[in-house]
1. Residue check: is residue 75 under 17 Å from residue 124 (Cα atoms), at pLDDT 95 or above and surrounded by 12 or more Cβ atoms within 10 Å (Cβ to Cβ)?
2. Of all the residues that make up the range 132-169, how many are at pLDDT 95 or above and either in a loop (DSSP other than H, G, I, E, B) or of a type in the set (Val, Ile, Thr) (or both)?
3. Criterion first (buried (at least 19 other Cβ atoms within 10 Å of the Cβ) and assigned to a strand (DSSP E or B)) does residue 100 satisfy it?
4. Could you give me the residue pairs with C-beta distances under 9 Å whose first residue belongs to the range 32-48 and is over 15 Å from residue 109 (Cα atoms), whose second residue is at pLDDT 95 or above and among the acidic types (Asp, Glu) wherever it lies, and which are 6+ apart or on separate chains?
5. Looking at this structure, is residue 115 assigned to a loop (DSSP other than H, G, I, E, B), polar (S, T, N, Q) and either over 17 Å from residue 37 (Cα atoms) or within 31 Å of the chain's Cα centre (by Cα) (or both)?
6. Since residue 89 meets every condition but one in (1) surrounded by 14 or more Cβ atoms within 10 Å (Cβ to Cβ); (2) among the small types (Gly, Ala, Ser); (3) in a strand (DSSP E or B), which condition does it not meet?
7. Restricting attention to the range 96-115, report how many residues are in contact (Cβ under 8 Å) with a residue 24 or more places away in the chain, farther than 22 Å from residue 62 by Cβ and in contact with a Ser or Thr (Cβ under 7 Å, 6 or more places away or on another chain).
8. Can you pull out every residue in the range 70-85 that is touching a Phe, Trp or Tyr at 6+ places or on another chain (Cβ under 9 Å) and closer than 17 Å to residue 30 by Cα?
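The values are calculated or read from the model by the stated rules, or taken from the named source; none is laboratory data. Predicted model, so just to flag it, every value in this text is computed and none were measured. Cβ sites come from the backbone with ideal geometry, for glycine too, and all protein chains shown count toward neighbours.
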Amino acid sequence: MRLLTKTTLAFAVLAVLIVLAPAAKADPITITSGGFSLQNLGNNGLGISGLDALAGAVASSTHNVTGSGSFTALLNPLTFTTGFTGIGSAGSHPFTFSQLLTINGQTQVLNLAGSIDISQFVDTVHILSSAPLTFNFGTLSVSVDVIPTNLVGLGEGVFCGNLKATFVVTNDTNPTPEPATLTLLGLGLAGIAAKLRRVRKQRKSVS
């Protein structure tokens, strides 16, 4: 009888854990970047107008995250168009720029910093960092961390690359059991209690 009671209690605990365990739910995260266009980076006014130019195309993607986690996603396909920037323009030139970033319908401004290194034959553009950006959706939040990237232009021409970012999703959801689940749990516990009472009565009658 003791073995039966222990077994019944073990199944009861297991049933409670199964009923109360939250179901894994994937949260879709949709990201859309607004794009940007920069011209005359490092041009001292004596070079070809409009060059060096860096453009980031609009991009959109959707990612499914279960609970909390992180993923890397494309912000912009990049195009770097190089050309003569003028005698005396060699060196490093910092610049800043911004673009709109939308996550699940919420839009913020993503501010970024970069620099361009100009030499006689090679121009290199660097996207260095961004200001901290966090999107809040109640119990769900998404933070954005731009991944530094470089584009090297060997001579005059068009060079391509990608600007990406790490997205960190924090989900503080603490699911509450639905009324039907609580009813099922209550019926199960009532049945277990009735079984235990029967076992106790049988013991008393035997003794």
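1. So residue 75 does not fit the description; no.
2. Counting residues in the range 132-169 that are at pLDDT 95 or above and either in a loop (DSSP other than H, G, I, E, B) or of a type in the set (Val, Ile, Thr) (or both) gives 12.
3. Details: buried (at least 19 other Cβ atoms within 10 Å of the Cβ): no; assigned to a strand (DSSP E or B): yes.
No; evaluated as a whole, the condition is false for this residue.
4. Close Cβ pairs satisfying both conditions: 41/123; 42/117; 42/123.
5. Spelling it out, it is not the case that residue 115 is assigned to a loop (DSSP other than H, G, I, E, B), polar (S, T, N, Q) and either over 17 Å from residue 37 (Cα atoms) or within 31 Å of the chain's Cα centre (by Cα) (or both).
6. (3)
7. Matching residues across the range 96-115 total 1.
8. Initial filter on the range 70-85 (touching a Phe, Trp or Tyr at 6+ places or on another chain (Cβ under 9 Å)): 70-73, 76, 78-82.
Result: 70, 71, 72, 73, 76.
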